Amino acid sequence: MRLRSGFGLLALAAAAIAVAFLVLPVVAIFADVSPGRLLDALGEESAREALWLSLRTTLISIAIVVVVGTPAAYLLGLRRFRGRALVLTAIELPLVMPPAVAGIALLAALGPHGILGGWVEDAGLELVFQTAGVVVALVFVSAPFFLRQAIAAFAALDPRQLEAARTLGAGQFRTFATVAVPSARPGLAAGLALAWGRALGEFGATLLFAGSLEGVTQTAPLAIFSEFSRPGGFVSALALSAALILVSALILIGVKLLGADRAVETGPREEWR
């Protein structure tokens, strides 16, 4: 595409506006307050507890999503059966569900008076206003992001590779673990990044289902809102926001190292002049 053409210049201007609009707020978080004040704010016990709780619960939730979601996505990606479209729609529904609705849905299903509330109580599990409830909320809102990418990655595999592995004597699990997963790694990594990012930023479902108890259920996003709501807490809110941005950046870097953006980088390219 020639940049000297009218459309080329218009596309360049649109790209510059989009990049500036998306980057400026991120830069502003680090530019609005000095690094020393940000570090001092992060040194507060409540901030450290919120960050540690966020990292701990997101790691647990993502581990659950990957362990359960990967074989499930393998099945849904390769098998065609009656009602498959309905199942995929049900999986993707939380993607467009407002966070507050997700929290109410979890209460209606797993809360003390929910559909499965009695079974949860009989099992000796406490979810509402407990750290375990945070994990449940994070799994619910983040799993669809991983599943959607993983299903697409497995569906795009060459069936001949899988058939060749079976012909050579590999069982179903070995074919899945040694052929399908490595081949689908870019898509799985992209889904992992999306799910982890969604879990890190979760607010509404966690607040309604697990509450916002400091040191117990108050994750970093909830702590940011809490700090922002109190007089003089804006610096602490900025510090926590900066920490989450750095964690998110590390996740993206990790995805690129895993080659999750390989699919985007392959294929025909058009030279700009």
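The values are calculated or read from the model by the stated rules, or taken from the named source; none is laboratory data. The structure presented is a predicted model; accordingly, all values stated were derived computationally and were not measured. As a convention, Cβ positions derive from the backbone with ideal geometry for all residues, glycine included, and neighbour counts pool all protein chains shown. Ligands, DNA and RNA are excluded from the accessible area calculation, which covers all protein heavy atoms including side chains. Shrake-Rupley method; radii C 1.70, N 1.55, O 1.52, S 1.80 Å.
Most fluctuating residue of PHE203, PHE146, PHE234 in a GNM of the chain with Cα springs under 10 Å: which is it?
PHE234
Accessible area, 1.4 Å probe, largest first: how do TRP119, TRP52 sort?
TRP119, TRP52
Ignoring ligands, DNA and RNA, how do THR70, THR167 rank by accessible area with a 1.4 Å probe, largest first?
THR167, THR70
Report the Cα-based extents of the chain along its three principal axes, largest first, to the nearest Å.
Cα extents, longest axis first: 67, 65, 29 Å.
Between rounded, prolate and oblate, where does region 1-88 land on the alpha carbon gyration tensor, with a ≥ b ≥ c its root eigenvalues, rounded for a/c under 1.5, else prolate if a/b exceeds b/c?
Cα axes put region 1-88 in the oblate bin.
Which GluC sites (Glu not before Pro) does region 102-190 hold that lie in a coil by DSSP with at most 16 other beta carbons within 10 Å?
GLU126
Mind checking region 72-145 for trypsin sites (Lys or Arg not before Pro) that DSSP puts in a loop (not H, G, I, E or B) and that have at most 10 other Cβ atoms within 10 Å?
Within region 72-145, the qualifying trypsin sites (Lys or Arg not before Pro) (loop, at most 10 other Cβ atoms within 10 Å) are ARG79, ARG80, ARG82.
What do you reckon, how do LEU107, LEU75 stack up by accessible area (1.4 Å probe), largest on top?
Heavy-atom accessible area, descending, gives LEU75, LEU107.
Let's test the formula: R0 of 41 Å, r as the Cβ-Cβ distance of ALA85 and PHE234. What FRET efficiency results, to the nearest 0.05?
So the FRET efficiency works out to roughly 0.30.
What accessible area per residue, rounded to a whole number of Å², is obtained for the chain using a probe radius of 1.4 Å?
58 Å²
Just read off the accessible area of ILE115 with the full protein assembly in place, 1.4 Å probe, to the nearest 10 Å².
The accessible area comes out at roughly 150 Å².
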